[in-house]
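Chemist: Pasting a structure below so you can have a look.
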Amino acid sequence: MSSGIKQANKEQVFLATTALEEFWDTSRPVIFLGDWCLRYSRRHVWEPLKRDVLPSIWKDRERFIVAYVYLNDLYERLLRQMADWLDEVHGERHDVRYWRIIVGPWLFHYLDTLYDHYMSLKEVRSKYPPFDTILLSEDSFITPRSTIEFLQLLFDDPYNLQIYSRILLADVNTFKKKASDLLNTKSQSIRKRDLSGIIKNKLKKMGMRLVKKEGSICWATPYFSKRTMVKIILASKGIIRPIFSTDDVMSVTAPNRKIRDGFKIIPHKGDEFETLMANLLPDDIPFIFLESYKTVKAGALSYFPAKPRAIIAATSWYFDEKFKIWAAMAAESGCPLHGVQHGGNYGIDQYMRALDHEVAITDKFYSWGWNLNELSDRIIPMTMGNLAWKKNYRSNIRNTDILYAGTSHPKYSYRLQCPGSNHMEKYCADQSRFLKNLNLRYREKISYRPLIYDYGFDIVERIQNSWPDLTIENWDIPFQTRLLSCRLFVSDHLGNVHAEALSMDVPTVLFWDPESTIYREEAKNKLDYLRAVGILHDTPEAAAGKVNEVYDHVDEWWQVRERQEARSQFCEHYARSSSHAIDEWTNEFRKI
């Protein structure tokens, strides 16, 4: 997406780091730092400009792998230093695992984000010197209160503008600055709870009083269907009890400068990025880990059972601060922690921060069928808990539509992953290529289900502008129910939906850019088999061609022995299901 700015042109270019147009200067050629700057709904503003867009710096796989390894090393060193520092600040003594559980999710997201933004700006410096820009002024900066607030802020424009501004201010302080209340307004909206949220919190607290019992196996955010969870809890005869997490809003507090400035003496290697990180982190670390820690810890001690037999969770390890502190305390007392897979790319993606973290903090990790040689003693292959009550697909002549499930990703890089945040423009173009190459008769049968969260990419608007007659559906009907009523399922990304469709034996055509993921060696053969039998495709044109080819006789095509064998082999490792799933999970938990 470029109007062709020539590097030989000595005219100073303007660098736009945000989609916030009040921070643009369009009187000069503009370099947009990423496609997140260019809202599709605002294309009438930026299309006429003389412009370039910086390509993703992580398309180079070797560069990506080097960065991933570097950040892993930095994370481990910094985590140990922070553990010592936090022990001293709070007058406590804990092992590194304690602080890994509590601080780890924020820290690795923070390092990945800061490094991505730092490297993007470094790329601009090398390609387009000199440049000018407009920064967010320091008096508009904020500090997140918790991990979840940090992530929610990171998904939007103002906080990323703050990060880019802080990086540039650390080097040059001559750029124009502009004040804005957008960050404070966004932060307040995140913290605000409506009446329904307050009622839900009260009901959860009432529920906790009923189920709270010492010596029980505590089950939080299980990633199981409610029906499955109830069945397993009843079968355990009271040993397994659910944990109801609350989203209590922390009171507003002021930064303790003495504590925060003390972190600036943390030793580091002295390279440019680590020096930058050491200067920025003291103001960026959320209040929960410093000023609010004691209050939240006291709340955790009074809310959760004091002596759990074991703790099982899927996603609570990330954003539930009270839960994390309680789980960290329990682990130090000898309570085993068990993690549960909650995404379709686990075991397939070679470089995955979530898996690294969840395996590091838990004693056992339940996968959807896969294992890794280096972690075989800790990973337990099981079935997909959310499919324990699934119904297998049955062909029905009345099923005529093609269900097409799409996705979206946050605009800004919040976790180092391949291919990076600049992938969405290509993704949207690939969707259009797929629809364009469908036979008109089959395109009319498409029912498109977008991801609930669009992250500002205006995906539905793009599709409706190009294909106004395409049916767009919402998520009112549960996905598994919806799968049972389609003739053919199509998906364009590696995620949960493809795993559920293949496990339910729904006729499926998949396509995604093979460069979008670096696969584990163990997964390549299974994916190649899906390619060989025509289920997985590397281009949207090939996927559209397969839909055109098989739609009229899809059941016969799907039931071919080789195709079913490829599906079964993939599901056995990455989407395992069983008609005895309830008994299998109940027996597994009884071992605890």
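Chemist: Please tell me the relative contact order of the range 331-382 in percent, rounded to the nearest whole number, where contacts are Cα pairs under 8 Å and at least six residues apart.
Modeler: On the way: 60 pairs, mean separation 18.4, N = 52.
Relative contact order for the range 331-382 comes out at 35 percent.
Chemist: According to the Cα gyration tensor, what semi-axes, each the square root of 5 times an eigenvalue, does the equivalent ellipsoid of the range 402-574 have, listed from largest to smallest in whole Å? Spell out each step's value before the answer.
Modeler: Working: eigenvalues 109, 87, 45 Å².
Gyration-tensor ellipsoid for the range 402-574: 23, 21, 15 Å.
Chemist: Something else about it: Rounded to a whole number, what is D in µm²/s for the range 488-568 from Stokes-Einstein with the Kirkwood radius over alpha-carbon pairs (4 °C, 1.567 mPa s)? Could the numbers behind the result be given before it?
Modeler: Details: Rh = 12.8 Å.
This corresponds to a translational diffusion coefficient of 101 µm²/s.
Chemist: For the chain, what is one quarter of the convex hull surface built on the Cα atoms, given in nm²? Walk me through the numbers before you get to the answer.
Modeler: Values: hull surface 110.0 nm².
Taking the Cα atoms of the chain, their convex hull projects to 27.5 nm² on average.
Chemist: Amide H of Leu536 versus every other amide H placed in the peptide plane: which residues, excluding those fewer than 5 positions away on the same chain, fall under 5 Å?
Modeler: When sequence neighbours closer than 5 places are left aside, the close amide H contacts are Leu510, Arg531.
Chemist: Within the chain, which is the longest segment containing none of the GluC sites (Glu not before Pro) that sit in a DSSP loop and have at most 16 other Cβ atoms within 10 Å? Don't jump to the answer; show the numbers that get you there.
Modeler: On the way: sites that count: Glu11, Glu92, Glu214, Glu444, Glu473.
Longest gap between qualifying sites, sites excluded: 215-443.
Chemist: Under 15 Å Cα to Cα from Lys591, which aspartates and glutamates show up? Leave out anything in the same chain fewer than 8 places away.
Modeler: Once the sequence-local aspartates and glutamates are set aside, what remains near Lys591 is Asp363, Asp583.
Chemist: To continue, here is another question. Using amide H atoms built 1.01 Å from N in the peptide plane, name the residues 5+ places from Ile312, or on other chains, whose amide H lies under 5 Å from its own.
Modeler: Correct list: Cys218, Trp219, Ala220, His338.
Chemist: Once label points are set 7 Å from the Cα along Cα→Cβ at both Gln12 and Val66, what is their separation, rounded to one decimal in nm?
Modeler: 3.2 nm
Chemist: Using alpha-carbon pairs under 8 Å, 6+ residues apart, how would you state the relative contact order of the range 13-53 in percent?
Modeler: Details: 55 pairs, mean separation 17.0, N = 41.
Result for the range 13-53 is 42 percent.
Chemist: Let me ask something else. What's the percent breakdown of Cα-Cα distances in the range 13-53 across 5 Å bins, shortest bin first?
Modeler: Spelled out per bin, shortest first, that is 6, 28, 40, 24, 2.
Chemist: Another question, if that's okay. If you average the sequence gap of Cα pairs under 8 Å that are 6 or more apart and divide by the length of the range 402-574, what percent do you get for the contact order? It would help to have the intermediate numbers written out before the result.
Modeler: Numbers: 219 pairs, mean separation 44.6, N = 173.
This gives 26 percent for the range 402-574.
Chemist: As an exercise, use a Förster radius of 45 Å and the Cβ-Cβ distance of Asn396 and Asn184 to find the FRET efficiency, rounded to the nearest 0.05. Write out the running numbers ahead of the final one.
Modeler: Values: r = 54 Å, r/R0 = 1.20.
Computed FRET efficiency for Asn396 and Asn184 comes out at 0.25.
Chemist: If each DSSP helix of 4+ residues adds -39,500 (n - 2.57) and the sum is divided by the residues in the chain, what number results at 222 nm, nearest 500 deg cm²/dmol?
Modeler: On the way: 24 runs with 268 residues, N = 592.
My calculation for the chain gives -14000 deg cm²/dmol from helical runs alone.
Chemist: Between Ile379 and residues 5 or more places away or on another chain, which pairs have amide H atoms under 5 Å apart, with H built 1.01 Å from N, and which residues are they?
Modeler: Amide H to amide H, under 5 Å and 5 or more residues apart or across chains, Ile379 pairs with Phe365.
Values quoted throughout were computed directly from the atomic coordinates according to the rules given, and no laboratory measurement underlies them. Quick caveat: nothing in here was measured; it's all calculated off a predicted structure. Don't worry about glycine lacking a Cβ; one is built from the backbone with ideal geometry, like all the others, and counts go over all protein chains shown.
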